[in-house]
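I have placed the structure first, in the form of structure tokens, so that the comments after it can refer back to it.
The values are calculated or read from the model by the stated rules, or taken from the named source; none is laboratory data. Keep in mind that this is a model prediction, so the values were computed, not measured. Virtual Cβ from ideal backbone geometry, glycine too; neighbours counted across all protein chains shown.
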Amino acid sequence: MNESKRRDFLKTSVVAGLSLAVAPAIGSSVLGANDRIRVAVIGLRGRGRELINSFHQLAGENVEIVALCDVDQAVLEERTAAYEKLSGKKVQTLGDMRKVLDDKSIDAVGFATPNHWHALGTVWACQAGKDVYVEKPGSHSIFEGRKVMEAAAKYKRIVQHGTQNRSSPNIVEGIQKLKEGVIGRVYLARGIAFKGPRAALGRIDADPAPPGLDWDRWLGPAPSTPYSKVRHRSWHQIWEYGNGDIGNQGVHELDIMRWALDLDTHPTKVVSMGGKYVAKDDTDAPQVHATMFEYAGRDLMVQFETRSGLTNTEAGMGAEYPFLDKRNVVGVIFIGTEGFMILPDYSSYHTFLGPKRTPGPKAVGAGDISNLPHFANFIKAMRSRKPEDATAGPKELHYSAALPHLANIACRTGRMLQFDPKTERFTGDEEANKLLRRQYRAPYVVPDKV
């Protein structure tokens, strides 16, 4: 097969998820190719807008958004008005996701809530007989990722993680090239997320809550605490709700590395350090953060680094090969015995071979994240009822999200940690083990038995 035909084949095989004319079952019902899949989107700020747009683009494949849900009434009204104008249809609006899950006419839910709600919402949805598309990271802790896996298996639900690169045709091609040995044996994988500069996020003070915001439900599993603008709008950088830049952006690149290198278990060693070296504020997560992972039996190092200040470019990423927004430097570098490969955005790869770094195979896209193929793949898996049809299922969710969690725990404890992949516990370190799960606030509890 020549290179042109091979590339066409790879792209066709990925985008084939857009052809959804298969007809097995959802729950106890059997869906034909013309039966409608009814979807609700929960959490409408930020990525919630993209979930709405992506599910709407699948209307021609008999996918219908029937409900929108958010704890912030102003956001709910804004998104509802925009969607009804776009679609010409009225949708149900709700402020409590439990009412969405109680609606037996809804087949699937898309979650774009803050991170600390992802796993709990997913477990509840599985228990309610819904399939789930959940934004990354699909868990807020290692314990939660395991519970998502168990819930999806027990209730026979399709769960798709929002690591969309797994459905990006050019990225799929690049990973296939890597597995075929285009740069030889990979001995180092490095991910970067240089995002900045950004201003200090401020003090966490008690502020008046915006009208129409149900702050208690926004907090959910987290401790009860007064409303704060910083908590509400900068939650990614606060441990009670988010997982820092490595858990926000980094999970995309770490997922690519796991996928490309067949890392189907947890690392056994992690060292991580960082701090608030750029600007002072009351948030928790480091602004500069470097991590290294080792896997048992692999001659390989996996690295990840985040920054939130003025920074250099790296391996051409952010310079000759800019990230989509032309401001941040984000991507993956694979270094092998015969060359290296970079993935500088969500739809491109480049290879450089030999001691002269001669340009090799590449594919260049628009740089944008491949939302539509990933959502189409989710719908395809819903119709087939085959979990393996989902390119980013519960196992990938758990093992990819676990890497930021391990990095953050090592950084917070300040020492190199040994991790047992079988027990999912740290060896001889109870302080670190206490960070494997959170203390839940009833009734917002991810249970030990799902």
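Key figures
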read-out	value
Given (1) in contact with a Lys or Arg (Cβ under 8 Å, 6 or more places away or on another chain); (2) surrounded by 14 or more Cβ atoms within 10 Å (Cβ to Cβ); (3) on the phi < 0 side of the Ramachandran plot, index of the condition residue 441 fails	(1)
Output for the range 91-107, where each listed residue is not basic (Lys, Arg) and not in a helix (DSSP H, G or I)	91, 92, 93, 94, 95, 96, 103, 105, 106, 107
Looking only at the range 143-158, and only at residues there that are surrounded by 23 or more Cβ atoms within 10 Å (Cβ to Cβ) and not basic (Lys, Arg), the one that is nearest to residue 231 (Cα to Cα)	144
Tally of residues being part of a strand (DSSP E or B) and within 23 Å of the chain's Cα centre (by Cα) across the range 331-372	8
All positions within the range 178-212 that are among the acidic types (Asp, Glu) and closer than 30 Å to residue 288 by Cβ	205, 207
Residue within the range 108-126 that is part of a helix (DSSP H, G or I), in contact with a Lys or Arg (Cβ under 6 Å, 6 or more places away or on another chain) and closer than 26 Å to residue 35 by Cβ present	yes
Selection within the range 56-76 - among the acidic types (Asp, Glu) and outside any strand (DSSP E or B)	61, 70
Selected residue (only one of 322, 361 is in the same structural domain as residue 279 (by TED's automatic domain parsing), under 23 Å from residue 166 (Cα atoms), surrounded by fewer than 19 Cβ atoms within 10 Å (Cβ to Cβ) and modelled with pLDDT under 95)	322
Candidates 107, 96, 102, filtered to the one that is of a type in the set (D, E, K, R) and within 23 Å of residue 149 (Cβ to Cβ)	107
Selection from the range 199-221 of residues that are surrounded by 13 or more Cβ atoms within 10 Å (Cβ to Cβ) and either small (Gly, Ala, Ser) or under 30 Å from residue 335 (Cβ atoms) (or both)	200, 202, 209, 212, 220
Single residue of the range 376-393 satisfying the filter (assigned to a helix (DSSP H, G or I) and either free of Cβ contacts under 8 Å to residues at least 12 places away in the same chain or among the polar types (S, T, N, Q) (or both)) that is surrounded by the most Cβ atoms within 10 Å (Cβ to Cβ)	377
Boolean, residue 343 is out of contact with any Phe, Trp or Tyr (no Cβ under 8 Å at 6 or more places or on another chain), within 28 Å of residue 322 (Cα to Cα) and either surrounded by fewer than 21 Cβ atoms within 10 Å (Cβ to Cβ) or of a type outside the set (Phe, Trp, Tyr) (or both)	no
Failed criterion for residue 333 (all others in (1) among the aliphatic types (A, V, I, L, M); (2) in contact with a strand residue (DSSP E or B) (Cβ under 6 Å, 6 or more places away or on another chain); (3) closer than 30 Å to residue 423 by Cβ; (4) touching a residue at least 60 places away in the same chain (Cβ under 8 Å) hold)	(3)
Single match in 346, 321 (criterion: touching an Asp or Glu at 6+ places or on another chain (Cβ under 7 Å) and among the hydroxyl-bearing types (Ser, Thr, Tyr))	346
Qualifying residue in the range 380-397 (condition: out of contact with any helix residue (DSSP H, G or I) (no Cβ under 8 Å at 6 or more places or on another chain), within 30 Å of residue 326 (Cα to Cα), at pLDDT 95 or above and not small (Gly, Ala, Ser))	no
